[in-house]
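Step one of this worksheet: look at the structure below.
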Amino acid sequence: MKKTKLLTTLPIAIAASMMLASCGDGGGSASTSAGGPPVEVTIQANDQMKFDVHLIEAKPGQPVQVTLKNVGTMPKVSMGHNFVVLDGKVTPEAFIEASMMQMANDYVAPEMTTHVIAHTKLLGPGEFDTITFNAPKEAGDYPFVCSFPGHYAIGMKGVLSVK
Ligand SMILES: [Cu+2]
């Protein structure tokens, strides 16, 4: 009698503990991957062509979740923003120059995608996009930019520091 009761209640107990775990810190299922719990970053981009975050720190191989929010009000065609992390094997300047005519590709030149670790969509006012990627396994500083023409030069840039 005792035995059967244990057997029937056990699955419920397991289910309950799983629910508790998933409601925990929001770290979610990604926390089980090799690089440890993800770094979560929210970056705002505005009409003044500024990011409010210029440094992201991660461990080698650690998952990184970036949410880019365009908090501006100007139209996407004149003031769109994206977030592009580069592999360090191409300069941001070369990447931006190659991408400046690539509006249809969210200003990410197809021939440059091998140098792109990750990128968001190009966002119009009030839009946001969330991407998750793994930080490079090699320690170093990896540049990130907004590749909308002119924005990098004004300062829409930063560094993913892996160490
Ligand atoms: Cu921008």
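Laid out as a table, the results:
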| item | result |
| --- | --- |
| Flag if E40 is within 25 Å of N134 (Cα to Cα), free of Cβ contacts under 8 Å to residues at least 60 places away in the same chain, away from the ligand (no atom under 16 Å from the Cβ) and within 14 Å of the chain's Cα centre (by Cα) | yes |
| Leading residue by the ranking (surrounded by the most Cβ atoms within 10 Å (Cβ to Cβ)) among those in region 85-96 that are part of a loop (DSSP other than H, G, I, E, B) and out of contact with any Pro (no Cβ under 9 Å at 6 or more places or on another chain) | V90 |
| Residues of region 77-104 that turn out to be under 18 Å from the mean Cα position of the chain (by Cα) and within 16 Å of the ligand (Cβ to nearest atom), as a count | 8 |
| Boolean, D129 is under 18 Å from the mean Cα position of the chain (by Cα), within 16 Å of the ligand (Cβ to nearest atom) and of a type in the set (D, E) | yes |
| Members of region 132-159 found to be assigned to a strand (DSSP E or B), out of contact with any Gly (no Cβ under 9 Å at 6 or more places or on another chain) and either farther than 26 Å from M74 by Cα or more than 16 Å from the ligand (Cβ to nearest atom) (or both), listed by number | T132, F133, V159 |
| Residue satisfying all of: in region 67-76; among the polar types (S, T, N, Q) and within 21 Å of the chain's Cα centre (by Cα); surrounded by the most Cβ atoms within 10 Å (Cβ to Cβ) among these | N70 |
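For (1) at pLDDT below 95; (2) surrounded by 10 or more Cβ atoms within 10 Å (Cβ to Cβ), each residue gets a yes or a no:
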| position | (1), (2) |
| --- | --- |
| S31 | yes, yes |
| A34 | yes, no |
| D47 | no, yes |
| G80 | no, yes |
| F83 | no, yes |
| A98 | no, yes |
| M112 | no, yes |
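The values are calculated or read from the model by the stated rules, or taken from the named source; none is laboratory data. This is a predicted model, so every value here is computed, not measured. Here the Cβ is made from the backbone with ideal geometry for all residues, glycine too, and neighbour counts use every protein chain on show.
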